[in-house]
1. List the residues whose amide H sits under 5 Å from the amide H of V299, counting only those 5 or more places along or on another chain, with H placed 1.01 Å from N in the peptide plane.
2. Roughly how many whole Å is it from the C-alpha centroid of segment 220-246 to that of segment 309-369?
3. From the mean inverse distance of alpha carbon pairs (Kirkwood) and the Cα radius of gyration, derive Rg over Rh for segment 54-196.
4. Say the dipole of the chain comes from +1 at the beta carbon of Lys and Arg and -1 at that of Asp and Glu; which of P244, L206, L100 then lies farthest toward its positive end?
5. Can you tell me the FRET efficiency between A224 and S16 if r is taken as the Cβ-Cβ distance and R0 is 41 Å, rounded to the nearest 0.05?
6. Could you state the orientation-averaged shadow area of the convex hull built on the Cα atoms of segment 119-220, in nm² to one decimal?
7. Once amide H atoms are built 1.01 Å from N in the peptide plane, which residues 5 or more positions from L266, or in another chain, come under 5 Å H to H?
8. Taking only the alpha-carbon atoms of segment 190-383, what semi-axes of the equivalent ellipsoid follow from 5 times the gyration tensor eigenvalues under a square root, in whole Å, largest first?
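Read the figures in this text as sums done on the coordinates, not as results from a lab. Please read these numbers as outputs of a predicted model, since none were measured by experiment. So basically every Cβ, Gly included, is an ideal-geometry build from the backbone, and we count neighbours across all protein chains shown.
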Amino acid sequence: MTLSQAIEPDLRAILSETPQEARERCRRRLDLALPDTDNIALFGAGNTGREVLKRLRRAGVEPVAFIDDTPAKQGTVIDGLRVLGRQQAAETLKPDVTVLVTVLNPKLTFVQAQALLAETGLKTESFMLSSWLFPEECAGLCNVMPPEAVLREKDSILACDALWADAISRETFARQIAWRMSLDFTRLPAPRLDDIYFPKDLDINLSPNVFFVDAGAYDGDTLAQFLVHTRGAFEGAVCIEPDPENHARLEGRIADQGLGDRVTALNCGLGAKAGVLSFNATADMSAAFDAGGTVSMPVKRLADVMPAGQPAYAKFDIEGAEWDALNGSAEHVTANNPKLAVSVYHLPEDLWRLPLLMARLLPSRRIYLRAHGVDGTDVICYAV
């Protein structure tokens, strides 16, 4: 049974290919999708598009243009690449141009962007295909890796599948794997956009003496959800946000809420050990630690910020640093048995290795998976 023939996700069937079969299938798909790497345009001249451009150039590929619907960007040059509107692109680019969609936005999914560009006659694919074509240059660009690389993780994937505490988790996991093996966006589960970190169908009951750790606090949006969920009945909270502009907005929100000494905002990151790392400050949700970052940022351990001996709920959305943050404070996590909500979509292997780590550190907790975002984003593993 091929991936396209599978109606219900069957994880073992999805993983039944040999690496050679997966390699050949991948090559056929790439030959059809990207027949000419000298004739590629990028739809979306934001942070993701600029990062894709950098990775493609690293692989020796020079796209012909950005395409962007933002009027202020049209007619400009960004990172040495001209920016066109959709209609202008359709009229001036070669007819056989392939447009890679570099937008990750719940307001414009890949399928929607594909239909939008098709209106002007432009053929589109997802930028995630570049992770199949150039796996080394595009490593870490998104949560996708070549199908044969997924198959090398088969034992770990099946071990992870045995963890799930309900049918929704099993189906969500199988659909995520099916999508990564095919890049068929119709295989993804329907996103639950309205209850991220506090899913209505899980037991996220928190006692009045709970301590909240918000790692990757952004501007305080999750803190606001926490306050609604607990009706303001909690012992304390620490909100960790390394990006300086995001942190300033976070502090403003805390002040506006009148939370007093109960909530502390830290301008730092979380990692395996305390220290200082290079950070790429973008003032949006893409801000992350990076060797070529714009600022130096202190890093703390989870054990340094989560008190011992009291109930805790810890949320992690830290752009791929989740493994280091949890594993670096493994004994502290096990000893204090917090409830967890952990992003497992930043790096390809996070989808299975982080749930396995959570189950090992918290053997008494039940493990769940929920998909809260579009196009493979905001996939959260819960230990409750």
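1. Amide H neighbours of V299, under 5 Å, 5+ apart: G269, G275, V276, L277.
2. Going from one Cα centre to the other spans 18 Å.
3. 1.03
4. So the residue furthest toward the plus end is L206.
5. After rounding, the FRET efficiency stands at 0.35.
6. Projected over every direction and averaged, the Cα hull of segment 119-220 covers 10.5 nm².
7. Residues meeting the criterion, in which the H sits 1.01 Å from N, are C239, I240, E241.
8. Sorted largest first and rounded, they come to 22, 20, 18 Å.
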